[in-house]
Amino acid sequence: VAYYCGTQSTRGGHDKEAVVWEDLVGGHDMDITKNANNYFSDEGLRVNGAKHNFPDAIVDTVNGNAFTIEILFGDFVSIGSSFNTFISSIDDHFALFRRNSENVLELKTLGNGRIKIKDGLNLLQNSLITIVYAQSDVCTIYVNGVQAGQITTAEGSLSAGNLFIGHTDQAKTFD
């Protein structure tokens, strides 16, 4: 459905001045709140203290029968005092984040338990995190291709509202 590459912010290449993160396959471009802490660098999109909303097509996909999300992290720095919010829905029906007090990578979905993976800070360094979700089946998290956790999913849609990456609350941010 979509492919956002931090080191290729536009369909024509990498533009560090971009304020739109262009979807390289589906045309579902995302507006970026660009400021001193949120911008494209040579390494990718730096996210610190802002929410960047995914287009409705991405929300519709997450609310569908099945999806896969992959996030490639570079040199991860935890800034928030309570959480590091990676992808979340406004109603919290779907969220991938680091719970700082327990140092776990955590995934929660509507009506299910949670997947908690220990050693979250170390786990996020230069890692590919993959979520594979199938409605009325299972949700699995992989770290660098190795299964790290799994839960049984509920029947029906996640009913997730607006999805975003990052967070405006400094207690929930990262770089």
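The values are calculated or read from the model by the stated rules, or taken from the named source; none is laboratory data. For clarity, every value in this text was computed on a predicted model and none was experimentally measured. So basically every Cβ, Gly included, is an ideal-geometry build from the backbone, and we count neighbours across all protein chains shown. When the accessible area is computed, the model is the full protein with side chains, heavy atoms only, and any ligands, DNA or RNA have been set aside. Shrake-Rupley method; radii C 1.70, N 1.55, O 1.52, S 1.80 Å.
Descriptive notes on the structure:
- Restricting the calculation to alpha carbons of segment 84-175 gives Rg and Dmax of 12.8, 35 angstrom.
- Average accessible area per residue (Å²) across segment 65-168 - probe 1.4 Å, nucleic acids and ligands excluded: 45 Å²
- At R0 = 22 Å, FRET efficiency that the Cβ-Cβ distance of residue 114 and residue 73 yields, to 0.05: 0.65
- Residue separation of residue 138 and residue 5 scaled by 0.36 nm, minus their Cα-Cα distance, works out to 45.2 nm of gained length.
- For segment 110-175: relative contact order, % (alpha-carbon pairs under 8 angstrom, 6 or more apart): 28 percent
- Radius, Kirkwood style, for the chain when every pair of distinct Cα atoms is counted (Å): 16.3 Å
- Each helix, a run of at least 4 DSSP H residues, gives -39500 (n - 2.57); summed and divided by the residues of the chain, these come to -1500 deg cm²/dmol at 222 nm.
- Across the protein chains, with a 1.4 Å probe defining accessible surface, the residues 119, 91 rank 119, 91 from largest area downward.
- Solvent-accessible surface (1.4 angstrom probe) belonging to residue 130, in square angstrom, nearest 10: 10 Å²
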